[in-house]
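Following: one structure in structure tokens, then a few remarks.
Here, each number is a calculation from the coordinates, and none is a lab measurement. Please read all numbers here as calculations on a predicted model, not as lab measurements. For neighbour counting, all protein chains shown are included, and Cβ atoms are generated from backbone atoms with ideal geometry for every residue, glycine included.
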Amino acid sequence: MRSAPPPANGLNPNHRPKSLAESSSSWQARISTKGESDVWMLQNIIVPGGSFGWHSHPGPSLVIVKAGALMLYRADDPTCTPEVVAAGSGFVDDGGDTHLVRNEGTVDAIVYVTSIVPRGAARRIDEPHPSNCPASAE
């Protein structure tokens, strides 16, 4: 018995989305690069009131806050409203976006970062302070 060929759009008409319980054991992600890459793994300690200044990255970064909390400011947010990134959580920086992370708390923030960049490229690119963000976001 022959099965019908897949539809021209490549989608399986019999496919149904899996529930979280069904997919959690088979979940996977893929990062695809073109050319050679450098992988950086860092532990940063940001003292209260400290920040990394406005910057971007040429590739993606996975950021995990181990202790303390960070305020994440994004230059592409018209109101430059900070997002709280608490201990035990994190965020993915897709690369190419200008942002600032600042410790506005009272204890040191410990942050783990894994970055993937083109071979030989700078991991961090300093950026000017965005005009839509307050001077206090520095």
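Could you run the Karplus curve 6.51 cos²θ - 1.76 cosθ + 1.60 with θ = phi - 60° over segment 45-52 and give me ³J(HN,Hα) per residue in whole Hz, x for Gly and Pro?
Running phi through 6.51 cos²θ - 1.76 cosθ + 1.60 with θ = phi - 60° gives 10, 10, 6, x, x, x, 8, 9 Hz.
For segment 27-138, give the magnitude of the charge dipole about the Cα centre (Cβ charges: +1 Lys/Arg, -1 Asp/Glu; no others), in debye to the nearest 20.
About 340 debye.
Based on the Kirkwood radius over alpha-carbon pairs, what value in µm²/s does the Stokes-Einstein equation return for the translational diffusion coefficient of segment 43-119 at 4 °C and 1.567 mPa s?
The estimated diffusion coefficient comes to 104 µm²/s.
Could the peptides 54-66, 74-86 be put in order, highest first, of the mean number of other beta-carbon atoms found within 10 Å of their residues?
54-66, 74-86
Under the Karplus relation 6.51 cos²θ - 1.76 cosθ + 1.60, θ = phi - 60°, what is the ordered set of whole-Hz ³J(HN,Hα) values for segment 61-73, x standing for Gly and Pro?
Calculated HN-Hα couplings, in order: 9, 9, 10, 10, 8, 8, 9, x, 8, 10, 9, 9, 9 Hz.
Which ³J(HN,Hα) values in Hz, rounded to whole numbers, follow from the phi angles of segment 94-99 under the Karplus curve 6.51 cos²θ - 1.76 cosθ + 1.60, where θ = phi - 60° and Gly and Pro get x?
The phi angles translate into 5, x, x, 9, 8, 8 Hz.
Quick query: amide H of S37 versus all other amide H atoms, modeled in the peptide plane; which residues come in under 5 Å with a sequence gap of 5 or more or a different chain?
Amide H to amide H, under 5 Å and 5 or more residues apart or across chains, S37 pairs with R119.
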